[in-house]
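For reference, the structure discussed in these notes is given below.
The values are calculated or read from the model by the stated rules, or taken from the named source; none is laboratory data. Since this is a predicted model, take the numbers as computed values, not measurements. Using ideal geometry, Cβ is built from the backbone for each residue, glycine included, and neighbour counts are taken over all protein chains shown.
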Amino acid sequence: MKVFKALTIAGSDSGGGAGIQADVKTFQELGVYGMTAITAITAQNTTGVQGVYPLSVEGIAKQIDSIGTDLTPDAVKTGMLFNSEIIKVVAEKITQYQWSNLVIDPVMIAKGGSPLLQAEAIEALKDYLLPIATVITPNIPEAEVISGIKITNLSERKEAAKLIYNLGAKNVMIKGGHEETDQMIDLLYDGNRFFQFESKRIATKNTHGTGCTFSAAITAELAKGKNIVDSISVAKHFIQAAIEDDLRIGTGHGPTNHWAYNKRGALCK
Ligand SMILES: Nc1ncnc2c1ncn2[C@@H]1O[C@H](COP(=O)(O)OP(=O)(O)OP(=O)(O)O)[C@@H](O)[C@H]1O
Ligand SMILES: Cc1ncc(COP(=O)(O)O)c(N)n1
């Protein structure tokens, strides 16, 4: 039996709903062996972020080297990278090991408003990571920052996707979670065509870690050899189930349910 392996290079969320914890849970549920290189420790729960402690560039490089010299991942994702030094070393190592199937989730701000990427790092993200990305998965505010244009409707989202594509990413997926519409539309641009992935908006405050979970599911499916459209299609079903069957733990914005896709109904309510 071939074991498919995925690596997440991201921050730790002590509350377990986002970051590397969400990624590894998602990999596991989708049948992929998960590996991690931690960029920062956050003290975090459903009420917000209480502390951010980035790791040294040396410590991050060493973790990636440990994986690169022994366990070749079939796909890699990045999440919280915090500053430009971390972005540079991560891009350098991914290039050194010639890893393909790279999913960039350009995490900038936590749901509660805490910055997870320093403003000075935006240019490094564009210069070093976008050119090697198989797909980048910004939400609407992140797409505005990267493209430099305001997004108030689907046609502006399409324009932003083209601008981001021109920065070097092979595919651009602008998520619709921040739009106030009943129908949730995630938009993919592959440089040639637009694809829409649609679902019903679920009325819940428990959406902590949706972006991490969604991009981790795309990564897991790419690791298994699926193409980008089929990978996103599975990820969309995975996140819809995880939001719909929310766990209702914690007093703030609770996590999604990573069990839901495989065990629909078994643990809920
Ligand atoms: N209320 C909701 N109902 C259904 N789907 C949702 C909802 N909120 C987010 N999603 C889906 O979750 C995925 C992540 O989208 P979102 O825009 O929330 O990402 P994000 O803002 O990067 O997440 P995060 O804040 O966790 O980083 C997308 O597929 C989006 O359509
Ligand atoms: C370590 C880490 N990575 C990513 C997020 C984004 O998730 P959210 O926007 O749902 O808070 C987070 N809160 N913490």
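Brief remarks follow.
- Restricting attention to segment 193-231, the residues being within 16 Å of Thr256 (Cα to Cα), part of a loop (DSSP other than H, G, I, E, B) and away from ligand 2 (no atom under 13 Å from the Cβ) number 3.
- Conditions (1) at pLDDT below 95; (2) touching a Cys at 6+ places or on another chain (Cβ under 8 Å); number of the one not met by Ala260: (1)
- For Ala61, the requirement of being surrounded by 17 or more Cβ atoms within 10 Å (Cβ to Cβ), farther than 16 Å from Pro138 by Cβ and over 19 Å from the mean Cα position of the chain (by Cα) is met.
- Selection within segment 212-244: residues that are free of Cβ contacts under 8 Å to residues at least 24 places away in the same chain and over 15 Å from Lys77 (Cβ atoms). The member of this set that is farthest from ligand 1 (Cβ to nearest atom) is Asn227.
- The set of residues from segment 144-190 being among the aliphatic types (A, V, I, L, M) and within 23 Å of His237 (Cβ to Cβ) comprises Leu154, Ala161, Val172, Met173, Ile174, Met184, Ile185, Leu187, Leu188.
- Matching entry among Ala61, Ala91, Ala43 (being away from ligand 2 (no atom under 14 Å from the Cβ), without any contact (Cβ under 8 Å) to a residue 40 or more places away in the chain and of a type in the set (A, V, I, L, M, F, W, C)): Ala61
- The number of residues in segment 172-192 being within 15 Å of ligand 1 (Cβ to nearest atom), at pLDDT 95 or above and either part of a loop (DSSP other than H, G, I, E, B) or not acidic (Asp, Glu) (or both) comes to 7.
- In segment 246-257, residue farthest from Phe194 (Cα to Cα) [restricted to those that are of a type outside the set (Val, Ile, Thr) and in contact (Cβ under 8 Å) with a residue 24 or more places away in the chain]: Gly250
- If you check Ile218, Ile228, Ile249, Ile239 for being at pLDDT 95 or above, under 24 Å from Ile140 (Cβ atoms) and either more than 14 Å from the chain's Cα centre (by Cα) or surrounded by fewer than 24 Cβ atoms within 10 Å (Cβ to Cβ) (or both), only one passes: Ile228.
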